[in-house]
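Read the structure below first, then the notes.
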Amino acid sequence: MNIQNQYIRNLITKGDRIRGRALDQYRDIVIEKNPIKNAEGSALVKIGKTEVMVGVKLDIGEPFADTPDEGILIAGAEFSPIASPEFELGPPGENAIELARVVDRGIRESKCIDMKKLCIKKGEKVWMVNIDIQPLSHDGNLIDAAGIAAIVALMNARLPKLEDDKVVYGEKTDTTLPVNDIPIPVTVAKINGKLFVDPDLEEEDSIDARLTITTKSNGNVCALQKGRTGSFSFEEIEEAIKISVRKGKEIREIVKSLKT
Amino acid sequence: MSNFKRADGRAADELRPVTMKVGVLKKADGSAMVSLGDTVAVAAVYGPRELYPKHLQNNERAILQCNYTMAPFSTKERVRPGPSRRSVEISKVTREALEPALFLEEFPRSTIDVYVVILQANAGTRTAGINAASLALADAGIPMRGLVTAIAAGKIEDTYVLDLTGDEEEITACDLPIAYIPREKKFTLIQMDGDIPPEDVKNIIKLAVKGCETLHEHQRKALLGKWSKEGS
């Protein structure tokens, strides 16, 4: 533990933060929709100095045998060194895999995409929805930024043209993806029993544990993920759920206001 | 309460039959086997031992390394050998579930290695693995704040259900695995996928804690079974 971690921990313990934010205050959230022409849907989400680009690419493939009339959802993340000097080239490490799986879980379990509507021919052809997460700048809280970017990219995705059941890329139709809810992940961080949202990188390096809670429009919880090597008490989990329902609602309003 | 009856006749808050045994592997410093119904996990612990390559060593504390693997024959459809995205994530959350129980600062520059292999799978493999790993750590004589216990719970037809089977996983509104240190009343793993109101999340966690307390008794007995004979 270095002197800066100790300083941050002492501040949080007193209810203060290094950049003067309140414990339940996000950095400014800026969302740009469809910045990538060649993606069927895309979003750039900035939370303070954290920036994450998510692209949705649609493709045709064979359905899984146990769900012959449903489309396929795949989320992946690549931590390229462009986003941080800490990132190294190579196959995805455990943090990138965890990030992709937590985002995947939030989207999948909220059932915000009507997967049955993505069936083209039962048992043979369905739409495959690829969600690819590319952090551009890692200044903490990649999970929330990636989760918000993923749902915005999905909401703004349009199906490409089909000719003889083959995709004609570059020609988008007016049909959007069947997205009917807005799951929002809110990561609650913990230092010395104090809970707070949206840790920046310096704070993230100092935390005991984090709990990501993804909620839907009706307030239901659709995914949980605890991370890091600390622990939570039952009361802390209760408090974290309350915080994430409230902050999730605020962020959902921002996302809604962008809808095409 | 609905009248949901479990296919195996268990009560909603009942675990599958539990077997726990420590010292099951000859070469490991500590080991354990845990089965819950048809799910069977084996864990081996090595260390604290010197960590190579040396640049990974931490001068202030030991590092904990965990690996979770499913044997290719553990499921109906063969599991392809080698790491998958799922197994990488489970290895990570297993490490994060165990680490809060350990005094890693007592063993600078060393590593404690935990290997979990699932021999047979019928849901709840990550939690069975954590129960086994925690026992194996204790069996290796590694000082701990408390044993780590783990179990999943869910909700089927308005009934909160403990220790889901594979068939039950198909119909549950959520699958919520936790790891819990009963001695400290602390949660060290929390995951969930599903779609339920916050109130249900809390009630399901409470049910899982009950399951953990029962598992904790099984763990104590397993350790006493070996060490009360060999010890003293």
Relative frequency of Cα-Cα separations exceeding 24 Å in region B:18-226, percent: 39 percent
Simple label model, 7 Å out from Cα along Cβ direction - B:Thr75 to B:Lys202, nm: 3.5 nm
Cα long-axis angle, helix A:3-13 against chain A (0 to 90 degrees, to the nearest 10): 90 degrees
Förster-model FRET efficiency, 30 Å R0, B:Lys27 and A:Leu89, C-beta, rounded to 0.05: 0.25
Footprinting exposure proxy for B:Cys212, A:Cys119 (fewest neighbouring C-beta atoms within 10 Å first): A:Cys119, B:Cys212
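Please figure out what share of the DSSP beta bridges in region B:44-124 is antiparallel and state it in percent, rounded to the nearest 5.
Antiparallel bridges make up about 40 percent of those DSSP assigns within region B:44-124.
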Nearest-ten-degree value, helix A:94-110 long axis tilted from longest Cα axis of chain A: 60 degrees
Under 14 Å from the A:Lys161 label point (7 Å along Cα→beta-carbon), backbone N, region A:51-69: none
Net length gained if the chain between A:Asn38 and A:Asp24 were fully extended (0.36 nm per residue, minus Cα distance): 1.4 nm
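Quick one: if the Förster radius is 30 Å, what FRET efficiency do A:Asn180 and A:Lys49 give, using the C-beta to C-beta distance and rounding to 0.05?
The formula returns an efficiency of 0.35 here.
Which longest uninterrupted range of chain B lacks any chymotrypsin sites (Phe, Trp or Tyr not before Pro) assigned by DSSP to a loop state (not H, G, I, E or B) and surrounded by at most 13 other Cβ atoms within 10 Å?
In short, B:104-232.
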Residue-count net charge about A:Asn180 - beta-carbon cut-off 11 Å; Lys, Arg +1, Asp, Glu -1: +1
5 angstrom amide H check on A:Thr50, placed H, neighbours 5+ away: A:Asp139
Trypsin sites (Lys or Arg not before Pro) restricted to region B:146-232 and DSSP loop, no more than 14 other C-beta within 10 Å: B:Arg183, B:Lys185
³J(HN,Hα), Karplus 6.51/-1.76/1.60, whole Hz, each residue of region A:205-217, x for Gly, Pro: 5, 10, 7, 7, 7, 9, 9, 9, 10, 9, 10, 9, 4
Region B:156-232: C-alpha gyration tensor shape, a/c 1.5 cut-off, then a/b vs b/c: prolate
Quotient of Cα Rg and 2.2 N^0.38 Å for region B:23-120, N being how many residues it contains: 1.17
Residue-span extension gain [A:Lys125 to A:Asp66] - 0.36 nm each, minus C-alpha spacing: 19.8 nm
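What does the average come to when, for each residue of peptide B:194-203, you count the partner chain Cβ atoms lying within 10 Å of its Cβ?
Values: counts 8, 11, 4, 7, 10, 2, 2, 7, 5, 0.
Per residue, the average neighbour count from other chains is 6.
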Placed amide H near B:Asn122: partners under 5 Å, 5+ positions off or other chain: B:Thr39, B:Val40
Reach of B:Lys186 by Cα under 20 Å, taken over lysines that are not fewer than 8 positions away in the same chain: A:Lys190, A:Lys194, A:Lys226, A:Lys242, B:Lys92, B:Lys202, B:Lys206, B:Lys210
Linear extension gain, B:Glu170 paired with B:Asn59, 0.36 nm per residue minus alpha-carbon span: 35.3 nm
Under the span-like rule (Cα at least 27 Å along the axis, Kyte-Doolittle mean at least -1.0), DSSP H helices of chain B: B:198-230
Relative packing of A:131-142, B:52-63, which averages over residues the other C-beta atoms within 10 Å, highest first: A:131-142, B:52-63
Label-point gap, in nm, between A:Asp205 and A:Lys249 - each point 7 angstrom along Cα→Cβ: 3.7 nm
Degrees separating the helix A:234-256 axis from the principal Cα axis of chain A, which is the longest one: 50 degrees
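Hey, with R₀ at 35 Å, roughly what FRET efficiency would A:Ser257 and B:Arg183 work out to, going by the Cβ-Cβ distance, to 0.05?
0.10
Nearest 5 is fine: what % of DSSP beta bridges in chain A come out antiparallel, could you say?
Bridges in chain A that DSSP calls antiparallel: roughly 90 percent.
Bear in mind these aren't lab numbers, they're just calculated from the coordinates by the rules spelled out. Computed from a predicted model, the values in this text were never measured in an experiment. Backbone-built Cβ (ideal geometry, glycine too); neighbour counts: all protein chains shown.
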